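What follows is one structure encoded as structure tokens, with my remarks underneath.
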Amino acid sequence: MGNRIAIVGAGAVGGYAGAYMAQAGEDVTFIDMWPENVEAMRSKGLRITHIRDVPEFTVPVNAIHLTELQGVVKQKPFDIAFICVKSYDTAWATMMIQQYLSPGGFVVSLQNCMNEETIAGIVGWGRTLGAIASSITVELTEPGHVRRASGKGGSAHTVYRVGEVHGRITERAKEVGRLTALSDSTHVTPNLWGERWSKLVTNGMANGLSACTGLISKDILLNDALRRFGARLGAEGIRVGQALGYELEEIHHLDPEIIARAGEGDAAARSEYDAHRIAEAQKGGGAHRPSMGQDMVKGRRTEIEFINGFIADKAKPLGIPTPANAALTEIVKRVERGEIAPDPKHILELRLN
């Protein structure tokens, strides 16, 4: 308690994590670009619902429009700023909030993708931390309402992984871990980069597929061709991460090597991968659409260049072929531009050497 906290981007993840902080009595200010979202939070509070096991709640919050941030100059500066915007908005959002940080204040990337370097380029590496939200399945369904298509991860699945860029366990990393743990299970990790790349691969196996096919996660996993294309995407991403020297963590609760070999055609690994992923699809969870699929439905720009495109770009200087990630990136861009409509055939009819 005692830190002044900014949530920059009160969307699905920022709204979810921040609502629990506010409920616990933390000093939280939500800063958002969607006027209707800010007004709903102001008038009705921030509503959090789950598909099962967790009671609904609504918490009164301090929410401000982007244009009102300048008023903070008359107030106490922020000690911790969580950046919760899309990756393509990271630079300007960090530049905006940095002038309202306290002398010891720092920035936490609570986002998909690898944004710490962008943040550090603005505030410095010494003021940059990372936090991964793993398989959190949240969506901003309407202004002021975040819905999670599951219950809590708890001991069955560690949702947040918080870390310093240098890997040491510090008091401020523990404090960020305490804040995220208000909403679900948290691990303060010495392996931020391995966790980041593992999450990048996780997103790379699902997000773009949902965006370009129009399907929810369950339907993708129950289609043999799409599920196995996901394994190929994962295999390419894993090999690039390994070549970059990252110590990868479990991906979809599987050893990364199982996914890599499955995507490369190893029969035993493919059998293990298929059984695990089909079992996941049949657990009876909600009809969850990955965040990029949500963006496509809502007509928003996607993060495809920062996920599958990023993997392909990092692979080039290493000489590692990533045809699946490169192809998916281009397909999603075409759907995003409106040149083609979302359809499973974009993947089912794809022929890669």
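Scanning the range 199-212 for residues that are touching a helix residue (DSSP H, G or I) at 6+ places or on another chain (Cβ under 6 Å), surrounded by fewer than 19 Cβ atoms within 10 Å (Cβ to Cβ) and either in contact (Cβ under 8 Å) with a residue 40 or more places away in the chain or of a type in the set (Gly, Ala, Ser) (or both) turns up nothing. The residue that is modelled with the highest pLDDT, counting only those in the range 148-171 that are open to solvent by 30 Å² or more (accessible area, probe 1.4 Å) and part of a helix (DSSP H, G or I), is GLU171. Is there a residue in the range 42-64 that is under 23 Å from LYS174 (Cα atoms) and surrounded by fewer than 20 Cβ atoms within 10 Å (Cβ to Cβ)? The answer is no; no qualifying residue exists. Filtering the range 11-42 to residues that are in contact (Cβ under 8 Å) with a residue 60 or more places away in the chain and of a type in the set (S, T, N, Q) leaves GLN23, ASN37. Of the residues making up the range 213-249, just one is under 16 Å from MET292 (Cα atoms) and acidic (Asp, Glu), namely ASP219. Looking across the range 273-326, the residues that are at pLDDT 95 or above, assigned to a helix (DSSP H, G or I) and among the polar types (S, T, N, Q) come down to ASN308, ASN325. Among the residues of the range 193-222, those that are in a helix (DSSP H, G or I), within 14 Å of the chain's Cα centre (by Cα) and of a type outside the set (Phe, Trp, Tyr) comprise GLU195, ARG196, SER198, LYS199, LEU200, VAL201, THR202, ASN203, GLY204, ASN207, GLY208. Taking each residue of the range 214-238 that is closer than 14 Å to GLU264 by Cα and looking for partners that are among the acidic types (Asp, Glu) and open to solvent by 50 Å² or more (accessible area, probe 1.4 Å) with beta-carbon atoms closer than 6 Å, six or more apart or interchain, yields ALA235/GLU264.
Checked against the criterion of being at pLDDT 95 or above, in contact with a Lys or Arg (Cβ under 8 Å, 6 or more places away or on another chain), surrounded by fewer than 23 Cβ atoms within 10 Å (Cβ to Cβ) and not in a loop (DSSP other than H, G, I, E, B), the candidates ARG239, ARG270 yield just one match: ARG270. Of all residues in the range 112-139, those that are buried (at least 22 other Cβ atoms within 10 Å of the Cβ), polar (S, T, N, Q) and farther than 19 Å from HIS288 by Cβ total 2.
Of all residues in the range 172-198, which are within 21 Å of ALA243 (Cβ to Cβ), open to solvent by 20 Å² or more (accessible area, probe 1.4 Å) and not polar (S, T, N, Q)?
TRP193
Does at least one position in the range 84-98 carry a residue that is charged (D, E, K, R) and exposed (fewer than 15 other Cβ atoms within 10 Å of the Cβ)? Checked against the condition, which is being charged (D, E, K, R) and exposed (fewer than 15 other Cβ atoms within 10 Å of the Cβ), the range 84-98 yields no hits at all.
Scanning the range 44-63 for residues that are under 19 Å from ILE31 (Cβ atoms), in a strand (DSSP E or B) and not β-branched (Val, Ile, Thr) returns LEU46, ARG47, ASN62, ALA63.
The values are calculated or read from the model by the stated rules, or taken from the named source; none is laboratory data. Only a predicted model underlies this, so the values are computations on that prediction, with no experimental measurement involved. Virtual Cβ from ideal backbone geometry, glycine too; neighbours counted across all protein chains shown. Just so you know, the surface numbers come from the protein's heavy atoms only, side chains and all, with ligands and any DNA or RNA stripped out. Shrake-Rupley method; radii C 1.70, N 1.55, O 1.52, S 1.80 Å.
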